[in-house]
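Below: the structure, in structure tokens.
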Amino acid sequence: MLNLILFGPPGAGKGTQSERLIDKYQLVHLSTGDILRGEIKAQTPLGIEAKKYIDKGELVPDKVVIGMIGEKLDHNKMAKGFIFDGFPRTTTQAKVLDLLLAERQTSISALVALEVEHEELIKRILHRAKSSGRTDDADRNIIENRIKVYHNETSPVIAHYSRQNKFIAVHGLGTIDEIFERLTAAIDRL
Ligand code: ADP
């Protein structure tokens, strides 16, 4: 299986590139952000709980997010692999993901991190806000908080996979096509 973590701060382009990568490599896209927004839209108890955190730019508690993942893996038993987008976002989530995959006789192939500088992230998210309708995209303070949370809580996930020699950095500035080329070049070397 090809199991990729597409990593990077909010606004790095994970969602955009995931869509292309799933097409090219026939992978299942697993975006915890998308799943959570679906739960919010359906007004499930999980969605109502998650919304409190998302609207502040905070992380949803690990146990809420982790509960969603095993189920998704089992629903896609025949998959050629997965793209994890927006997950794992803490080292706890990373450790649990490794265990869930090991139980299913597979593992992470690589963590591919899109690197984009701070001001560009803000610019992209504010631009996306015009069409996304996402409350967490519309306010500069909330965006700043999401980036801060990324640095404090999420970026340690890089060290976790560096120790397993699975970390690959990709320059995230340029056209969507250029960045896709860089990603596929890195993935094809695996
Ligand atoms: P972005 O990468 O632009 O921040 P996402 O859709 O990945 O967008 O995430 C949006 C929000 O959903 C996050 O700010 C967070 O509150 C919540 N979220 C998504 N994935 C996770 C996760 N794995 N752990 C905790 N919270 C999450």
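Please rank MET1, MET68, fewest neighbouring Cβ atoms within 10 Å first, as an exposure proxy. Could you put the intermediate results ahead of the total?
On the way: MET1 14, MET68 17.
So the ranking, lowest neighbour count to highest, is MET1, MET68.
Please compute the net charge surrounding PRO45, taking Lys and Arg as +1 and Asp and Glu as -1 over other residues with Cβ under 13 Å from its Cβ. Net of charged neighbours comes to 0. Look at the alpha carbon pairs under 8 Å that are at least 6 residues apart: their mean separation over the length of the chain gives a relative contact order of 33 percent. Which order results if GLU178, GLU119 are arranged by neighbouring Cβ count within 10 Å, fewest first? Sorted ascending by nearby Cβ count, the order is GLU119, GLU178. The trypsin sites (Lys or Arg not before Pro) found in segment 36-88 that occupy coil by DSSP, while having at most 11 further C-beta atoms within 10 Å, are LYS77.
Return the whole-Å distance between the Cα centroid of segment 5-34 and the Cα centroid of segment 112-190. Using only Cα atoms, the two centres lie 10 Å from each other.
Excluding ILE35 itself, calculate the net charge of residues whose Cβ lies under 12 Å from the Cβ of ILE35, where each Lys or Arg counts +1 and each Asp or Glu counts -1.
In short, -1.
Since every read-out is calculated from the coordinates, none of them should be taken as a lab result. If you're wondering where the values come from, they're calculated on a predicted model, not measured in any experiment. As a convention, Cβ positions derive from the backbone with ideal geometry for all residues, glycine included, and neighbour counts pool all protein chains shown.
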